[in-house]
Amino acid sequence: MAEPAVRDEIESLRRELERHNRLYYVEAKPEVPDREFDRLLKRLEALEAEHPEFDDPNSPTRRVGGAPIDGFTTVEHRVPMLSIENVFDEASLAEFDARVRKGLGDEPFAYTLEYKIDGVALAVVYEDGRLARAVTRGDGVRGDDVTHTARTVRDLPLTWAGDASAVIEVRGECYMTNSEFAKVRAAQIERGDEPAANPRNFTAGSLKLLDPKVAAERPLRFLAHGLGHHEGVTAETHTAYLESLSTAGFVVTPGVRRASSLDEVTAAIGEMTAEVATLDFEVDGIVLKVDRFDQRDTLGLRSKSPRWAIAVKWERYEATTKLNDVRFQVGKTGRVTPVAELEPVEIAGTTVSRASLHNADEIARLDIKIGDAVVVEKAGKIIPHVVRVEAATRDGKERAIAFPVGCPVCDTVLTRGVDEKTGREDVDFRCMSPQCPARVRGTLEFFASRTAMDVDGLGVKLIDQLVDAGLLKGIADIYRLAERREQILELERVGEKSVDNLIAAVAETKSRPLWRLITGLNIRHVGSSTARVLADEFGTLDEIMAQPVESLAATEEIGDVVAASIRAYFDAPANRALIEDLRTLGLNFGTPVEDRPAETDASAGPLAGKTVVVTGTLENFTRDEAEEAVRAAGGKTSKSVSRKTDYVVAGARAGSKKAKAEKLGVEVLDEAALAKLLVK
């Protein structure tokens with residue numbers, strides 16, 4: 001093969017492999033199976049071995065490691081990697097805010113808020129569009145060159161997809177997810193090796209390996225969150241910079257909020273703190289940064305920390321107690337959650353006797369056993385969780401936790417499938433039996449809730465009684481309660497008036513809008529907003545059920561994952577049987593689009609042709625009521641903010657949607673302004 005042809009094939013393979021790396025690790029949308037990826041990689045390796053003249057340190061083949069190095073080179077940071085001042089209470093946070101406002105002379109400004117990831121700080125330099133150097137933080141002035149191991153981090157781009165002429169130092173955290181660390185630790189224990197203590201230490205040790213081939217075997221990740229030395233970067237704000245990084249192929253720190261006042265900051269911190277338990281990586285605080293780069297320059301730096309940033313850390317309230325047992329809960333989707341039953345202990349003024357252990361991976365990561373002494377933490381006085389085991393106190397009487405093979409309620413074999421959104425193995429085990437009593441209870445509670453059909457009087461306790469008595473076995477049985485009035489009256493603490501009110505409330509729900517019924521069916525990934533979109537687009541439940549997955553996916557705000565879930569739900573015989581049962585019972589299945597009354601009033605309404613997003617907590621409306629009012633006034637509602645959005649109605653704790661609206665220049669309304677628009 002002629003040299004130009006070889007070079008062209010090598011470059012083509014490199015581009016293709018990097019594209020597949022990004023699809024898999026960054027976008028979670030793999031296009032090819034692992035076997036095909038490996039075939040392309042082996043072909044590239046063979047060509048590079050035959051033609052060393054085309055060697056490139058940023059080739060995708062370096063993801064699996066190059067030659068070992070002799071030792072580390074110390075590199076001076078062109079812009080020091082300063083530490084960030086910590087605060088632990090609202091008074092200190094208010095003092096920081098007052099200093100910023102004074103320093104900016106009351107000039108309008110905004111903060112960004114992002115999770116402080118407990119990883120290893122890394123500065124990655126790109127020159128001429130290629131990864132040139134990766135350096136640890138070190139002492140903030142100098143760090144170790146770990147380029148050889150950084151190239152093995154699968155979601156760290158080897159080439160810069162932005163302006164190739166720019167010199168840019170992307171700062172972020174190298175880390176390992178908790179679920180991946182659990183697998184690593186389990187493998188170490190199985191081999192008889194000393195297990196790693198925590199994800200951060202294991203990540204730091206992996207970056208400091210001299211042999212990159214060993215580092216390549218470890219599932220390291222990178223989250224970008226900062227900007228170091230740069231030439232040619234045009235972003236004026238941190239928010240815009242993060243967006244440009246995302247476009248260029250980086251995974252950026254998730255869940256970033258924007259806030260313009262101390263009240264908004266406090267609300268955002270509350271939201272983010274509550275979400276920490278759902279993250280698959282370690283977090284030890286929330287970082288608050290002034291968004292505009294020119295305002296950062298105005299505020300300047302101290303000797304060790306910037307004046308424009310602060311880390312809000314939680315007071316960590318800990319106590320040591322004993323793990324007495326683990327029980328397994330089954331939710332409405334069949335998800336099985338292990339719950340730690342603890343010897344009651346007081347933490348931050350409350351008695352804690354239970355804590356979620358999340359999933360089997362978390363149990364493996366903690367290496368926790370029944371009878372262990374465990375440290376339980378409430379960070380920021382939120383939901384307690386087990387942070388570590390005091391293994392040194394073990395006496396040999398501890399028992400391993402056996403995750404059930406069958407559902408703990410109905411004994412159906414549990415499955416651990418593939419997460420539709422990531423394409424990777426699901427971290428959760430699920431009971432897939434629709435007849436499982438636990439799933440039935442959860443489904444009934446959700447169907448009757450205000451989010452779905454809003455059945456007045458059908459609460460959790462009554463549902464439990466009805467299920468235990470055999471009077472409720474599924475959703476359709478709710479509409480047969482009138483036939484079972486006398487049997488219901490035999491239940492404890494149930495009177496005639498309450499039963500008659502319940503029967504009347506159930507009958508009233510038969511005429512509820514179609515979107516409420518779709519919501520109540522508990523289709524995976526379909527909440528009330530998606531249910532509205534489906535009802536508005538297709539008109540009837542029969543029309544929705546008739547749609548191929550391609551048609552569903554092409555519907556605005558649906559997409560491939562949700563479309564596949566909808567199609568799978570309606571293809572299941574048991575669900576089809578339920579739908580037909582509900583039809584016989586007289587529920588509203590919608591109106592064909594062509595038979596809908598002319599929307600003359602709405603089309604002439606004050607919000608005709610306008611797209612509105614409602615976010616946050618309103619005082620005089622629920623969010624559903626506000627959206628109904630918008631539609632009645634001729635407007636269209638959406639769950640996401642874009643340049644096509646006309647208004648964002650923001651209540652308390654509005655969060656990221658309000659921030660995005662401000663960034664895009666979309667008009668933000670408060671509740672009073674919405675009320676005025678509705679009556680114009």
- Task: Specify the residue that is most open to solvent (accessible area, probe 1.4 Å); the eligible residues are those in segment 209-229 that are over 30 Å from GLN295 (Cα atoms) and under 24 Å from the mean Cα position of the chain (by Cα).
- Result: ARG218
- What do you reckon, is VAL339 hydrophobic (A, V, I, L, M, F, W, C) and either buried (at least 16 other Cβ atoms within 10 Å of the Cβ) or in contact with a helix residue (DSSP H, G or I) (Cβ under 6 Å, 6 or more places away or on another chain) (or both)? no
- Members of segment 638-652 found to be hydroxyl-bearing (Ser, Thr, Tyr) and in contact with a strand residue (DSSP E or B) (Cβ under 6 Å, 6 or more places away or on another chain), listed by number: SER638, THR645, TYR647
- Query: Among all residue pairs at least 6 apart or on different chains, which show Cβ distances below 6 Å where the first residue, located in segment 439-463, is under 25 Å from THR412 (Cβ atoms) and without any contact (Cβ under 8 Å) to a residue 12 or more places away in the chain and the second is open to solvent by 40 Å² or more (accessible area, probe 1.4 Å) and among the polar types (S, T, N, Q)?
  - Reply: none
- Of (1) open to solvent by 20 Å² or more (accessible area, probe 1.4 Å); (2) touching a residue at least 24 places away in the same chain (Cβ under 8 Å); (3) under 22 Å from VAL125 (Cβ atoms); (4) part of a loop (DSSP other than H, G, I, E, B), ASP139 satisfies every one except (2)
- Task: Output the residues belonging to segment 143-195 that are surrounded by fewer than 19 Cβ atoms within 10 Å (Cβ to Cβ) and among the hydrophobic types (A, V, I, L, M, F, W, C).
- Result: ALA161, ALA164, ALA166, VAL167, ALA186, ALA187, ILE189
- Only residues that are farther than 15 Å from ALA659 by Cα, touching a His at 6+ places or on another chain (Cβ under 8 Å) and open to solvent by less than 50 Å² (accessible area, probe 1.4 Å): list them for segment 230-277, please. VAL252, THR253
- Message: Among the numbered criteria (1) among the β-branched types (Val, Ile, Thr); (2) within 28 Å of the chain's Cα centre (by Cα); (3) closer than 26 Å to THR237 by Cβ, which one does VAL153 miss?
- Response: (3)
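If you check PHE96 against the conditions, is it in contact (Cβ under 8 Å) with a residue 40 or more places away in the chain, assigned to a helix (DSSP H, G or I), within 17 Å of LYS289 (Cα to Cα) and touching a strand residue (DSSP E or B) at 6+ places or on another chain (Cβ under 8 Å)?
Taking the combined requirement at face value, the residue satisfies it.
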- Query: Can you pull out the residues in segment 523-558 that are over 27 Å from the mean Cα position of the chain (by Cα) and not in a helix (DSSP H, G or I)?
  - Reply: GLY539, THR540, GLN547, PRO548
- Item | The one condition in (1) modelled with pLDDT of 85 or more; (2) within 26 Å of LYS183 (Cα to Cα) that CYS410 fails to fulfil | (2)
- Message: Name the residue that is nearest to the chain's Cα centre (by Cα), counting only residues in segment 57-86 that are modelled with pLDDT under 85 and not in a loop (DSSP other than H, G, I, E, B).
- Response: ARG63
- Output for Cβ contacts, cut-off 9 Å, separation at least six or different chains, first residue over 26 Å from ASP284 (Cα atoms) in segment 189-206, second open to solvent by 70 Å² or more (accessible area, probe 1.4 Å), reads none
- Listing of helices (runs of 4 or more DSSP H) fully contained in segment 418-522 that carry 1 or more residues being in contact with a Cys (Cβ under 7 Å, 6 or more places away or on another chain) and not acidic (Asp, Glu): 437-448
- Query: Just wondering, is there one or more residues in segment 112-122 that are in a loop (DSSP other than H, G, I, E, B), surrounded by fewer than 17 Cβ atoms within 10 Å (Cβ to Cβ) and touching a Leu at 6+ places or on another chain (Cβ under 7 Å)?
  - Reply: no
- Considering every residue within segment 460-472, establish whether at least one is in contact with a helix residue (DSSP H, G or I) (Cβ under 6 Å, 6 or more places away or on another chain), within 25 Å of THR540 (Cα to Cα) and surrounded by 14 or more Cβ atoms within 10 Å (Cβ to Cβ). no
- Item | Residue ID - modelled with the highest pLDDT, chosen from residues in segment 16-44 that are within 29 Å of the chain's Cα centre (by Cα), open to solvent by 70 Å² or more (accessible area, probe 1.4 Å) and of a type in the set (Asp, Glu) | GLU31
- Message: Here is a check on your reading of the model: is ARG524 surrounded by fewer than 18 Cβ atoms within 10 Å (Cβ to Cβ) and touching a residue at least 60 places away in the same chain (Cβ under 8 Å)?
- Response: yes
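The values are calculated or read from the model by the stated rules, or taken from the named source; none is laboratory data. Keep in mind the model is a prediction, meaning the values are calculated, not measured. Cβ: placed from backbone, ideal geometry, glycine included. Neighbour counts: every protein chain shown. The protein model used for the area step is the full one, side chains on, heavy atoms only, and it has no ligands, DNA or RNA in it. Shrake-Rupley method; radii C 1.70, N 1.55, O 1.52, S 1.80 Å.
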